[in-house]
1. Roughly how far apart, in whole Å, are the Cα centres of region B:75-97 and region B:9-49?
2. Kindly put A:63, A:34 in sequence by how many other C-beta atoms sit within 10 Å of each C-beta, fewest to most.
3. Once R0 is set to 30 Å, what does the formula 1/(1 + (r/R0)^6) return for the Cβ-Cβ distance between residue B:12 and residue B:72, expressed as a FRET efficiency to the nearest 0.05?
4. Once the convex hull of the alpha carbons of region B:57-114 is built, what does its volume come to per residue, in cubic angstrom?
5. Express the C-alpha Rg of the protein assembly as shown as a ratio against the empirical globular expectation 2.2 N^0.38 Å, rounded to two decimals.
6. Taking the beta-carbon count within 10 Å as an exposure proxy, list A:101, A:60, B:93 from fewest neighbours to most.
7. In Å and on Cα atoms, what radius of gyration and Dmax does chain A show?
8. Counting alpha carbon pairs within less than 8 Å and at least 6 residues apart, what relative contact order, in whole percent, applies to chain A?
């Protein structure tokens, strides 16, 4: 069965410093992976997705993620955090019957 | 791009009443819609999957008689919370499948039962 584990429930960074949100996956076949962002009381916005093409995936707002099969990881990074990046981030994998399986989420705080 | 319009964004209802939440696909046909609920500071939990013209498939532990899902057309899916109680207070989000790897989310509905 497919699953994702987000290794940090909270991450706090200073504005202008790099962001790293960690996600490990478990899958019996080549997975399709996503990162979504959710601002308070809002729906989810897709940041990027991996679908077995290039292992380095570039997304919106300067985010990118690298699929590493040897490490079963799909960590999300951004070189320089902005205050507007403060939100909840979800690592997601497609499971059976096209259902999305969500990680527990990582709350990113950005300090001035 | 594909847009899913979800209404209402917020609703407060009295205990024992029913509430309907609508999700409309504005510029595409949504053959499959997923419904999630999200408790504060928690992840999304899939409640059910609906396919246009057929009965919804509910996840284990979700009461199908309490959470009625209708997907009668390719552009509209509804979730009705029947006989709502305070423990049903939550954030409900719909998501439409838009392609092989495409999923579009509604903006969510904050339900408060008093």
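Just so it is clear, none of the values below were taken in a lab; they were calculated from the coordinates. What you see is a predicted model; the values in this text were computed from it and never measured. Neighbour counts are summed over all protein chains in view; Cβ atoms, including those assigned to glycine, are modelled from backbone coordinates with ideal geometry.
1. 3
2. On the way: A:63 20, A:34 27.
Lowest count first: A:63, A:34.
3. Numbers: r = 27 Å, r/R0 = 0.90.
It comes to 0.65.
4. Working: hull volume 6.2 nm³, N = 58.
Expressed per residue, the convex hull around the Cα atoms of region B:57-114 is 108 Å³.
5. On the way: Rg = 17.7 Å, N = 226, 2.2 N^0.38 = 17.3 Å.
After normalising by residue count via 2.2 N^0.38 Å, the value is 1.03.
6. Values: A:101 21, A:60 10, B:93 25.
Least crowded to most crowded, the residues run A:60, A:101, B:93.
7. Values for chain A (Cα only, Rg and Dmax): 13.3, 43 Å.
8. Numbers: 288 pairs, mean separation 41.7, N = 112.
Value for chain A: 37 percent.
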